[in-house]
Every structure is written in C-alpha cells, then in structure tokens.
1. What FRET efficiency, computed as 1/(1 + (r/R0)^6) with R0 = 35 Å and r the Cβ-Cβ distance, is obtained for residue 1 and residue 95, rounded to the nearest 0.05?
2. Kirkwood Rh and Cα-based Rg: tell me the resulting Rg over Rh for the chain, rounded to two decimals.
3. Can you check what the net charge comes to around residue 108, using other residues whose Cβ is under 15 Å from the Cβ of residue 108 (Lys, Arg +1; Asp, Glu -1)?
4. Note down the magnitude of the dipole of the chain about its Cα centre, charges +1 on Lys and Arg C-beta and -1 on Asp and Glu C-beta and zero elsewhere, to the nearest 20 debye.
5. Tell me the carbon and sulfur percent of the accessible area for region 29-84, rounded to whole percent, probe radius 1.4 Å.
6. Return the FRET efficiency for the residue pair residue 142, residue 117: r is the Cβ-Cβ distance, R0 is 25 Å, and the value is rounded to the nearest 0.05.
7. Connecting C-alpha atoms closer than 10 Å in a GNM of the chain, tell me which of 99, 78, 31 has the biggest fluctuation.
8. Return the FRET efficiency for the residue pair residue 34, residue 129: r is the Cβ-Cβ distance, R0 is 35 Å, and the value is rounded to the nearest 0.05.
Amino acid sequence: MAEVGIFVGTMYGNSLLVAEEAEAILAGLGHKATVYEDAELADWLKYKDRYVLVVTSTTGQGDLPDSIVPLFQAIKDHVGFQPETRYGMIALGDSSYSHFCGGGKQFDALLQEQGAQRIGEMLLIDASEHPEPESESSPWVEHWATLLK
C-alpha cells in the first residue's frame with residue numbers, strides 16, 4: 001500500500017483534526033500515513049516518490065497559517081521542479097471572506113508550478129457551511145485513497 005505524509009497548516013486546530021482523521025482513514029485502508037505539524041523540508045523530501053496530503057487553513061487575506069509557512073518557503077526556495085511528487089490538497093476557509101481557501105490555493109499553485117502531480121480534485125471546505133470540517137473531508141479522503149497506487 002501507499003505511504004502518505006500529511007502536512008498540516010493550522011491556526012485553531014481544525015486542519016489538524018482533519019489531518020488526524022485522514023491519517024486514521026488511510027491507516028484503516030492499509031496505507032501508512034504520518035501527520036507532520038511544523039514540518040521541515042527534510043520531512044517533505046522523504047515523500048518525493050510517495051504521496052503527500054496537504055491540509056491547511058487560511059488566515060488573514062488568503063495567507064497560509066504560520067505553522068506551515070516555513071515549509072512552503074523552503075519548498076519554494078530549495079526544491080524546484082518536482083514532477084515525481086504526487087499530492088492531494090484539502091483547503092479550509094470561510095466563504096464570507098474574499099480570499100476563500102487562499103492558503104490551500106496558494107500551496108496548490110506552488111506545487112503546480114513545480115510540476116507536482118495532484119491526485120484528484122482539491123477539496124475546499126467552507127467553515128460557514130460545515131462547522132465540523134471532517135464531515136466533508138472524511139468521504140473525500142476515502143475516495144482519494146482509492147486513487148493511490
């Protein structure tokens with residue numbers, strides 16, 4: 001089965017909750033999943049030929065949470081072209097703000113620029129419609145797991 005590194009950007013814990021639930025779902029389906037909060041570039045690079053799941057909320061004007069900014073910046077500054085990276089993206093946000101899910105969209109754009117291959121569609125979770133984000137993410141993760149080889 002697949003090995004998945006789950007990289008979390010969170011302010012108030014919702015993204016971490018979604019990531020931990022995803023870890024449990026993936027493990028239950030026979031995959032090896034590990035959650036990384038405050039990840040470093042070395043953690044990311046371990047999954048170059050495996051799978052990555054990014055779970056991040058959005059702060060301010062569509063910004064990434066402080067907990068994942070160092071990883072984002074390190075990927076941007078030091079990784080470059082990474083076509084062997086296969087990833088999924090779960091973005092949390094609130095549609096009452098103009099930059100809905102901007103953190104996840106920003107991370108996705110970076111990975112696309114670097115040639116990484118997104119597996120499946122990006123999941124956008126709206127806090128104003130889904131106060132318990134795992135109710136939206138869990139079925140998505142179950143489906144995403146079927147796309148892993």
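The values are calculated or read from the model by the stated rules, or taken from the named source; none is laboratory data. The structure presented is a predicted model; accordingly, all values stated were derived computationally and were not measured. We place every Cβ from the backbone using ideal geometry, glycine too, and count neighbours over all the protein chains shown. Side chains included, ligands, DNA and RNA excluded: accessible areas come from the protein's heavy atoms. Shrake-Rupley method; radii C 1.70, N 1.55, O 1.52, S 1.80 Å.
1. 0.50
2. Rg/Rh: 0.93.
3. Once positives and negatives cancel, what remains is +1.
4. Magnitude of the dipole: close to 600 debye.
5. Answer for region 29-84: carbon and sulfur cover 49 percent of the accessible area.
6. Using R0 = 25 Å, I get an efficiency of 0.75.
7. Among 99, 78, 31, the largest mean-square fluctuation in the Gaussian network model of the chain belongs to 78.
8. My answer for the efficiency is 0.70.
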